[in-house]
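The values are calculated or read from the model by the stated rules, or taken from the named source; none is laboratory data. Small disclaimer: the values here were computed from a predicted structure and weren't measured. No Cβ is skipped: glycine too gets one built from the backbone with ideal geometry, and neighbour counts run over all protein chains shown.
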Ligand SMILES: Cc1cc2nc3c(=O)[nH]c(=O)nc-3n(C[C@H](O)[C@H](O)[C@H](O)COP(=O)(O)OP(=O)(O)OC[C@H]3O[C@@H](n4cnc5c(N)ncnc54)[C@H](O)[C@@H]3O)c2cc1C
């Protein structure tokens with residue numbers, strides 16, 4: 001007889017580990033299958049921000065921003081060793097497209113959506129502070145706004161969430177590749193490969209948290225579960241030599257006015273990101289020369305005297321809803337396609353943010369509430385401390 005679980009999760013990125021933790025905290029038995037290593041996909045290749053997403057206000061995504069700011073506060077509280085509040089600076093020059101009035105309105109709204117808490121404050125820097133800003137070009141500079149958001153190490157956060165899931169009883173299969181599932185009326189029969197052996201197990205529900213592999217995984221499930229039309233979009237970051245002393249910078253790329261972040265990363269700094277449609281295995285994604293040039297031009301534009309030496313670079317693939325038009329303007333909302341049933345056996349997570357992983361996991365558990373039996377909850381993920389895994 002094969003092992004039986006309440007919940008089997010495919011994918012050991014932030015979403016899969018988040019669902020494993022939420023399900024274990026609700027008292028369910030959980031197995032998570034990760035084909036390579038935890039956070040080996042997108043969850044180690046992000047901009048590593050735990051943020052409300054100031055620029056999503058331009059798309060009127062107020063609900064997403066409010067939820068993300070709320071999640072930021074929770075993570076600052078439960079994971080103080082992993083998530084750190086940082087000052088962000090927005091410089092404005094004559095050719096900056098987002099003018100001071102727009103920025104003040106956006107920052108004011110951001111503060112309100114953040115509950116006007118300490119971390120929501122913003123201000124205009126005085127002129128005598130400009131020269132302390134890590135070499136920012138002050139010629140023609142008109143104003144600099146400062147607000148706060150948070151930064152993490154995405155892979156460490158993912159490992160910490162999995163560790164918490166394990167402490168509440170979840171089992172990790174890693175490396176373990178999900179091969180196929182056959183979905184019946186009462187359970188899913190699952191095949192996976194671990195230690196070169198094919199293994200099987202049963203689950204009441206199957207959660208597809210495959211990130212950019214979400215539809216590849218769906219194709220291995222019979223009958224084919226509900227899917228959502230997606231685009232894969234690659235984003236590149238450069239790690240540049242030189243430390244940033246004053247925090248983070250929110251820049252507008254001179255070429256197309258997209259938002260680019262320059263962020264402290266230990267003794268170095270992280271510059272990103274780009275957005276280019278991608279096809280192929282997400283594991284094979286690599287930075288393109290045009291992305292490197294684009295990012296370095298932005299760096300040169302704002303920080304002409306800082307070194308442009310690229311110590312390292314990486315690319316990751318995000319999932320966005322398929323649509324025409326600019327990738328940059330598409331919503332970052334998470335989609336949770338489920339079969340049209342009051343008792344779904346399979347649920348997929350498409351898109352989403354590192355920041356919102358916990359809220360997404362809560363929504364997943366809510367969708368599955370009528371399929372799973374009642375269990376005695378063990379904990380609430382909004383108060384469970386997350387610690388770095390040594
Ligand atoms: C460039 C970039 C910058 C970003 N910046 C931010 C940011 O600053 N802040 C923010 O909040 N969000 C950010 N995001 C979004 C965020 O990183 C992603 O939403 C999140 O990491 C996705 O996590 P995931 O668990 O869905 O996918 P992944 O992390 O990709 O995890 C999916 C996992 O599934 C595994 N898998 C696939 N197939 C199988 C199989 N058959 N069997 C077993 N396992 C399998 C993979 O190996 C992988 O580990 C960014 C995204 C990108 C691309």
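Things worth noting here:
- Of residues in the range 154-186 being assigned to a loop (DSSP other than H, G, I, E, B), more than 11 Å from the ligand (Cβ to nearest atom) and modelled with pLDDT of 95 or more, the one surrounded by the most Cβ atoms within 10 Å (Cβ to Cβ): 170
- Qualifying residue in the range 215-232 (condition: buried (at least 19 other Cβ atoms within 10 Å of the Cβ), at pLDDT 95 or above and either within 30 Å of residue 91 (Cα to Cα) or more than 12 Å from the ligand (Cβ to nearest atom) (or both)): no
Each row is one residue, and each column tells you yes or no for (1) more than 14 Å from the ligand (Cβ to nearest atom); (2) over 30 Å from residue 113 (Cβ atoms); (3) out of contact with any strand residue (DSSP E or B) (no Cβ under 9 Å at 6 or more places or on another chain); (4) at pLDDT 95 or above.
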site	(1), (2), (3), (4)
30	yes, yes, no, yes
64	no, no, yes, no
75	no, no, no, yes
78	yes, no, yes, yes
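- Whether a residue is over 26 Å from residue 165 (Cα atoms), within 14 Å of the ligand (Cβ to nearest atom) and not in a strand (DSSP E or B) was assessed, and residue 331 passes this test.
- Evaluating residue 315 against the criteria (1) closer than 24 Å to residue 82 by Cβ; (2) more than 13 Å from the ligand (Cβ to nearest atom) leaves one unmet condition, (2).
- All told, residue 355 falls short of being surrounded by fewer than 16 Cβ atoms within 10 Å (Cβ to Cβ) and within 15 Å of the ligand (Cβ to nearest atom).
- Of all the criteria given as (1) touching a residue at least 40 places away in the same chain (Cβ under 8 Å); (2) more than 12 Å from the ligand (Cβ to nearest atom); (3) assigned to a loop (DSSP other than H, G, I, E, B); (4) touching a helix residue (DSSP H, G or I) at 6+ places or on another chain (Cβ under 7 Å), the one not satisfied by residue 274 is (2).
- Matching residues, the range 278-292, being touching a strand residue (DSSP E or B) at 6+ places or on another chain (Cβ under 6 Å) and farther than 21 Å from residue 306 by Cα: 278, 282, 285, 286, 287
- A Cβ distance below 7 Å, combined with a sequence gap of six or more or placement on separate chains, defines the contacts here; from the range 98-123, residues that are within 13 Å of residue 56 (Cα to Cα) reach residues that are surrounded by fewer than 14 Cβ atoms within 10 Å (Cβ to Cβ) in the pairs 113/62.
- Screening residue 244 on (1) touching a strand residue (DSSP E or B) at 6+ places or on another chain (Cβ under 6 Å); (2) assigned to a helix (DSSP H, G or I) shows it passes everything except condition (2).
- Count of the range 341-389 residues which are in a helix (DSSP H, G or I) and in contact with a strand residue (DSSP E or B) (Cβ under 7 Å, 6 or more places away or on another chain): 2
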